[in-house]
Amino acid sequence: MNTPANTLTFSAVEPNAGLWRALEKPRADVIAEIAASGLKGRGGAGFPTSVKWNLAAAAYSEHKFIVCNADEGEPGTFKDRLILSEHGELVIEGMTIAAHAIGANHGIIYLRGEYAYLRGRLEAILARRREQHRGHSPHRSMDDEAIRARRHEHNLLGKNILGNSGFNFDIEIRMGSGAYVCGEETALIESLEGQRGEPRNRPPFPVDTGYMGHPTVVNNVETLAWATCVMARGAEWFKSIGTERSPGPKIFSVSGDCARPGVYEFPMGITLVELLKEVGAEDAKAVQVGGASGRCVPAAEFTRTLAFEDVPTGGSIIVFGRGRDMLAVARNFLEFFVEESCGQCTPCREGNAKLLEGVELLEKGRCSMAYLRELCRLGETMQLASKCGLGQSSPNAFLSIVEKFKDELMGRTAHGAALS
Ligand code: SF4
C-alpha cells in the first residue's frame, strides 16, 4: 500500500498558523477568505464550505455545534483514516477555526466505529491542545513582542483560546456504530442524539436546526484540514491549484487493479489518464469514481477530469482491470445498498432489491431486454424520488455500467439483443 503521508501538503503547513491568522480576523472575514478560496466539501457533495459556515453564523442560538464527519464508510475510501492518523492536529485546528467563524462553543468528532484504534491518538491531541501551548510559533504577521507576550498564555482548546477572551470551544469524540447511512449528515445527527441513524426530512437544514435543535455545521475530515490550510496559506494559494470551478488539491484513495494502490494528493481537475499512470494502471478497463454511490467510467472516457463540473468524487477510485466482469461489479455494489438502505422510503428500500434481482436474472441469462429497460427507468426514478443521498445515488453504478458496457451486457440478456 502506497501511503505517502509525508508527501501531502498537510505535512508542510505550519501548525496553528491558520488558527492564529483566523483569530486575528473578525468572523465575517474568516468566512470571506474561505469563500474566496472556493473550498467545496470534500465528502463528495461539493457544497461550498463558506455557504454552510455563513448560514450557521447567521442563525441565532445560544449553542452552536461543529461536527467533524469522520464516519468514513464509502467503499474504497480510506483517505480520512490517513488524515486523522497523520494529520489529526490540522483537522482539530480546522474545527476550531470553524467554531470561531460561526460562533460555536461545542465540537464533536463522529468517528467511524472501525476506527476506534484512532481514538486514543485523537484524545491525546485534544488533551495537549487544552493545555498551555508552547510548541509552535504563532503566525509570522505578529511582531516579536506580541509573540513573546502571548506564547505563554495560550491554550488551543477550552476557555479563552489563544488568549481571546470569550472564545470558548471544546471537542468530544463520539463513536459511530457501523451504519453507512450515518455518513449522511442528518442521519449522523440522529445517531449523535441517541436515535436510530435515519436521515431527516429537509428543510430544516442542520445549519439552522441540527444537533439537539441547534445550528450545526457538519464538515468532512478532509474539508476541515483544507480549511486550516486556506487560513494558513491564504485563499490565493488554494485557488492557484485545481480548476476554476473546483479549486484546490484533493486527497484520493486508490484501490483495485493497479500496481501502486494507496492515498494520493492530486490537484482537482486531474484526468483519469494522468491518475492511472501515477498509480500504475494504464491498462485499466474501467474506474469506479466516488465509491459505491459514484459512477463507472470506461477506458474510452479516461480523458475526463476529476472535478465537480465533470466527474465528481469524494476521493474513492476503484480500478478494474481487463479481466473484470462488470455485471459482477454492479452486483457487488447493489448487494451493499440492499444491506445499507435504512428502509424508510420505498424507492430506495424496494428499488435496490429489484435492481439486484435484475442483475441476478441477467447473470442467469433470464432477463429480457424489455425488463432491463424497465430496471433502468426504475433506477432513474430512485435518483429522483429517494429521500436522501444514499437512495438517490445507489443506482448510479448500475445505470452507468448498463450504459457504458452495452456490448459486454448484450450477450447476458435473454435474447442477446442490443441495448439501445
Ligand atoms: S433513501 Fe434509502 S437510506 Fe435514504 S431515507 Fe430512503 S431508505 Fe433510508
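Data for the structure
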{"read-out": "15 Å beta-carbon shell around residue 90, net charge (K/R +1, D/E -1)", "value": "+1"}
{"read-out": "Mean separation of Cα contacts under 8 Å, 6 or more apart, over the residue count of the chain: relative contact order %", "value": "18"}
{"read-out": "Within-15-Å neighbourhood charge of residue 247 [Cβ basis; K, R +1; D, E -1]", "value": "-1"}
{"read-out": "Two-site FRET efficiency, residue 116 against residue 277, from Cβ-Cβ distance with R₀ of 51 Å, rounded to 0.05", "value": "0.90"}
{"read-out": "Per residue value of the accessible surface for the chain (all protein chains in place, 1.4 Å probe), Å²", "value": "41"}
{"read-out": "Alpha-carbon Rg with Dmax, taken over the range 333-401, Å", "value": "11.2, 33"}
{"read-out": "Gained length - residue 406 relative to residue 130, 0.36 nm times residue gap less alpha-carbon distance", "value": "93.6 nm"}
{"read-out": "Angle in degrees between helix 79-102 and the longest Cα principal axis of the chain, rounded to the nearest 10", "value": "60"}
{"read-out": "Between the range 166-183 and the range 40-88, the Cα center-to-center distance that results, in Å", "value": "11"}
{"read-out": "Rounded to 10°, Cα long-axis angle of helix 369-385 versus longest principal axis of the chain", "value": "20"}
{"read-out": "Charge tally in the Cβ shell below 13 Å around residue 113, where Lys, Arg are +1 and Asp, Glu are -1, residue 113 excluded", "value": "+1"}
{"read-out": "The range 152-225 - percent relative contact order, Cα under 8 Å, separation 6 or more", "value": "15"}
{"read-out": "Length-normalised contact order of the range 211-320 in % [C-alpha pairs under 8 Å, at least 6 apart]", "value": "25"}
{"read-out": "Shape of the range 195-256, Cα gyration tensor, a/c cut at 1.5", "value": "prolate"}
{"read-out": "Only Lys, Arg (+1) and Asp, Glu (-1) charged, at Cβ; the chain dipole about Cα centre in debye", "value": "100"}
{"read-out": "Residue among 337, 252, 266 with the largest mean-square fluctuation in a Gaussian network model of the chain, springs linking Cα atoms under 10 Å", "value": "266"}
{"read-out": "Cα gyration tensor shape of the range 254-318, rounded if a/c is under 1.5, else prolate or oblate by comparing a/b with b/c", "value": "rounded"}
{"read-out": "Lysine pairs with alpha-carbon atoms under 23 Å apart, the range 267-420, spacing 8 or more or separate chains", "value": "10"}
{"read-out": "Residue (of 328, 365, 313) at the positive-pole extreme of the range 294-420, dipole from beta-carbon charges", "value": "365"}
{"read-out": "Kirkwood hydrodynamic radius of the chain, Cα pairs, Å", "value": "22.4"}
{"read-out": "Of all accessible heavy-atom area on the chain, the percent that carbon and sulfur account for (1.4 Å)", "value": "48"}
{"read-out": "Calculated FRET efficiency for the pair residue 51/residue 29, C-beta based, R₀ 25 Å, to 0.05", "value": "0.95"}
{"read-out": "Above-threshold pairs, the threshold being 22 Å between Cα atoms, out of 40/79; 25/64; 159/250", "value": "159/250"}
{"read-out": "Shape of the range 46-139, Cα gyration tensor, a/c cut at 1.5", "value": "oblate"}
{"read-out": "DSSP beta bridges in the chain [antiparallel fraction, %, rounded to 5]", "value": "45"}
{"read-out": "Net lengthening on full extension, residue 160/residue 310 (0.36 nm per residue, minus Cα-Cα)", "value": "49.6 nm"}
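The values are calculated or read from the model by the stated rules, or taken from the named source; none is laboratory data. The model shown is predicted, which means the values in this text are computed figures rather than measured ones. Note that we place each Cβ from the backbone using ideal geometry, even for glycine, and neighbour counts take in every protein chain shown. Heads up: the accessible areas ignore ligands, DNA and RNA and are worked out on the full protein's heavy atoms, side chains in. Shrake-Rupley method; radii C 1.70, N 1.55, O 1.52, S 1.80 Å.
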